[in-house]
Amino acid sequence: MGGEAPEPRRLTRALSIGGGDGGWVPEEMLHLVMGFVEDPRDREAASLVCRRWHRIDALSRKHVTVPFCYAVSPARLLARFPRLESLAVKGKPRASMYGLIPDDWGAYAKPWVTELAAPLECLKALHLRRMVVTDDDLAELVRARGHMLQELKLDKCTGFSTDGLRLVARSCKSLRTLFLEECQIIDKGSEWIRDLAVCCPVLSTLNFHMTDLEVMPADLELLAKSCKSLISLKISDCDLSELMGFFRFATALEEFAGGTFNDQGELAKYGNIKFPSRLCSLGLTYMGTNEMPIIFPFSATLKKLDLQYTFLTTEDHCQLIAKCPNLLILAVRNVIGDRGLGVVADTCKKLQRLRIERGDDEGGVQEEQGGVSQVGLTAIAVGCRELEYIAAYVSDITNGALESIGTFCKKLYDFRLVLLDREERITELPLDNGVRALLRGCTKLRRFALYLRPGGLSDVGLGYIGQCSGNIQYMLLGNVGETDDGLFSFALGCVNLRKLELRSCCFSEHALAHAIRRMPSLRYVWVQGYKASRTGRDLMIMARPFWNIEFTPPNPENADRLMEDGEPCVDSHAQILAYYSLAGKRLDCPQSVVPLYPA
């Protein structure tokens with residue numbers, strides 16, 4: 001006070017980053033600091049500071065997610081991160097979940113297992129998503145890592161059988177998590193569950209929900225007796241009345257899904273079921289109005305409720321959800337209707353995730369009052385302000401409903417909306433102003449999907465998405481825009497977009513190639529349904545080093561043929577897949593895919 005002003009604090013580059021000969025920051029301290037940096041993009045930025053930080057990042061990185069299995073080779077990943085404890089690899093494009101990718105497309109797990117299982121000596125967790133996994137791959141994995149594998153997640157994978165699962169169960173004594181949801185598994189018997197019970201006493205999570213695997217109640221009862229730490233079980237179809245023994249012994253269970261009500265209306269058969277006292281997450285299959293009361297005694301303690309595979313009416317949804325004030329996660333079909341969403345808005349003030357799936361397109365008794373519109377979404381936006389995730393199929397929508405979401409849902413980081421084509425007339429199109437208000441208001445948004453009907457979004461609205469989506473990293477758009485000009489306006493604003501999927505759009509091949517080149521952060525793009533050439537020649541405009549371009553031409557024989565569900569055949573529209581790759585041209589393309597670059 002009263003003295004000379006202190007000199008401005010100056011930090012030299014060497015001082016601030018620990019540079020120089022050894023630097024002033026000890027190696028051990030940098031390792032500790034790096035351990036607290038979990039976001040992969042922050043890690044990537046830190047690794048670019050200097051060679052020392054790059055080396056420490058490589059040695060201290062515990063988990064890596066490979067967003068696309070052809071973006072890097074297993075050998076290169078091993079050289080960069082030799083001490084990984086957890087690895088996730090994603091395979092086929094998301095479109096494969098909707099039958100838009102042929103079965104022989106690729107995404108084989110074999111090179112990843114063969115080249116990494118043994119050399120990654122610290123590997124404890126492996127997550128493969130939408131990949132082809134064989135029993136031989138599982139055998140290779142357990143030979144190399146079975147003694148220390150704690151977590152195996154095969155998410156929407158194909159190609160293996162229960163023989164492979166038996167080998168995993170017998171070899172991985174430390175297994176805590178086995179995740180198989182929506183996998184296509186060849187069923188050769190339920191002995192694998194018995195082996196899990198006998199060989200994996202520390203198992204805490206088992207999920208084979210939405211598979212066709214047979215399950216024996218006696219095996220599940222043995223599992224509950226042997227695995228005292230089992231907290232989550234999601235199974236395939238098994239009558240709930242046969243699981244009373246399992247529930248009696250599964251005292252630690254907090255999450256259960258998959259039990260079925262095979263005899264509708266037989267309340268006496270199910271009335272004596274007693275769920276474990278800690279249960280707070282539930283998803284039951286084929287539950288109807290008469291069976292619903294078995295949930296009432298503990299509905300107030302539920303934090304997660306999945307009603308997607310039930311026979312409940314709109315009124316049933318209203319009665320049940322009114323008794324669930326502590327829900328954090330809710331998954332339903334659009335039979336819940338606007339009235340049901342009004343009850344959610346009034347009751348579930350803590351709700352963080354809401355998923356509204358598509359119901360029966362043919363309609364039915366439970367659909368009479370169903371259908372979600374701007375009325376229900378507006379109520380949700382006003383009443384559930386803790387929402388972080390919304391995915392909804394709607395029959396009608398307005399700009400005002402989207403503006404309400406932007407105004408009230410400030411914590412939203414993932415928003416997905418599909419406008420169904422069941423109604424002849426939509427109240428208000430285009431949705432330009434509503435989309436702009438939503439994107440401006442939800443500043444934390446990182447993932448955004450909007451699948452509309454023709455006329456749902458004009459070129460102006462597409463430009464708004466580009467201008468207001470500076471933080472969004474993943475985007476899916478369908479039936480948006482009017483001309484190539486709208487696509488160019490969109491591309492100018494997407495500075496941080498890393499993954500883009502487009503469907504059923506009016507853009508030319510030439511415009512798509514130019515637009516993709518204008519998005520500096522883009523690492524992956526998939527397009528289906530555009531003005532394609534026969535050879536994909538205009539796509540070469542976006543050719544550049546490390547940028548793979550794959551073109552799937554339409555099959556003229558299937559141009560007008562529809563599948564059983566009324567959707568066009570898989571190969572009736574041209575597809576583009578382009579992505580950054582350090583692995584070069586992939587060598588396992590099926591005949592239906594033409595690799596354009598590198599040729």
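What to note about this one:
- The chain - Kirkwood radius from inverse mean 1/r over Cα pairs (Å): 26.5 Å
- Area accessible to solvent at Lys411, 1.4 Å probe radius, in Å²: 80 Å²
- What a 1.4 Å probe finds exposed on the chain is 52% carbon and sulfur by accessible area, rounded to a whole percent.
- Estimated inter-spin distance, Met29 and Arg537, nm [label 7 Å along Cα→Cβ]: 6.3 nm
- If only the Cβ of Lys and Arg carry +1 and only the Cβ of Asp and Glu carry -1, the dipole of segment 244-386 around its Cα centre is close to 800 debye.
- Residue-averaged 222 nm ellipticity for the chain, from DSSP H runs of 4+ at -39500 (n - 2.57), nearest 500: -8000 deg cm²/dmol
- Solvent exposure ordering (accessible area, 1.4 Å, most first) of Val37, Val64, Val382: Val382, Val37, Val64
- Here the Karplus curve 6.51 cos²θ - 1.76 cosθ + 1.60, taken at θ = phi - 60°, turns the phi angles of segment 295-300 into couplings of 8, 3, x, 10, 4, 5 Hz, with x standing for Gly and Pro.
- Listed residue (Ile185, Gly340, Phe408) projecting farthest to the positive dipole end of the chain, Cβ model: Phe408
- Length gained when the stretch Val594-Lys349 is fully extended (0.36 nm per residue, less Cα-Cα span): 83.1 nm
- With N as its number of residues, segment 182-295 has a Cα radius of gyration that, divided by 2.2 N^0.38 Å, comes to 1.02.
- Taking N as its residue count, the alpha carbon Rg of segment 462-542 over 2.2 N^0.38 Å: 0.99
- Mean projected area in nm² (Cα convex hull; one quarter of hull surface) for segment 235-279: 3.0 nm²
- Rolling a 1.4 Å probe over the protein heavy atoms gives the chain an accessible area of 45 Å² per residue.
- Per-residue packing, averaged as other Cβ atoms within 10 Å, sorts the ranges 397-406, 135-144 into the order 397-406, 135-144, beginning with the highest.
- Taking chymotrypsin sites (Phe, Trp or Tyr not before Pro) in DSSP loop conformation with at most 12 other Cβ atoms inside 10 Å as exposed sites, the chain has its longest uninterrupted site-free stretch at 37-545.
- Subtracting the Cα-Cα distance of Val202 and Asp263 from 0.36 nm times their residue separation leaves 18.5 nm of extension gain.
- Mean-position separation - Cα centroids, segment 272-287 and segment 79-102, in angstrom: 33 Å
- Note on the chain: with charges restricted to the Cβ of Lys and Arg (+1) and Asp and Glu (-1), its dipole about the Cα centre is near 2760 debye.
- Only one residue of Leu253, Gly283, Asn272 has its Cα farthest out toward the positive end of the dipole of segment 244-309, where Lys and Arg carry +1 and Asp and Glu -1 on Cβ, and that residue is Leu253.
- Distance (nanometres) between label positions extended 7 Å along Cα→Cβ at Phe546 and Gln308: 3.6 nm
- Annotation: extensible slack from Thr443 through Arg76 equals 128.5 nm (criterion: 0.36 nm per residue apart, minus Cα-Cα distance).
- Where Glu254, Glu424 fall by accessible area, highest first, once all protein chains stay in place (1.4 Å): Glu424, Glu254
- Inverting the pair-averaged 1/r between distinct Cα atoms of segment 229-350 gives 14.5 Å as its Kirkwood hydrodynamic radius.
- Probe 1.4 Å - accessible area at Lys228, Å² to nearest ten: 130 Å²
The values are calculated or read from the model by the stated rules, or taken from the named source; none is laboratory data. Predicted, not measured: the structure shown is a model, and the values here were computed from it. Cβ sites come from the backbone with ideal geometry, for glycine too, and all protein chains shown count toward neighbours. Areas reflect the complete protein model, heavy atoms only, side chains present, ligands, DNA and RNA absent. Shrake-Rupley method; radii C 1.70, N 1.55, O 1.52, S 1.80 Å.
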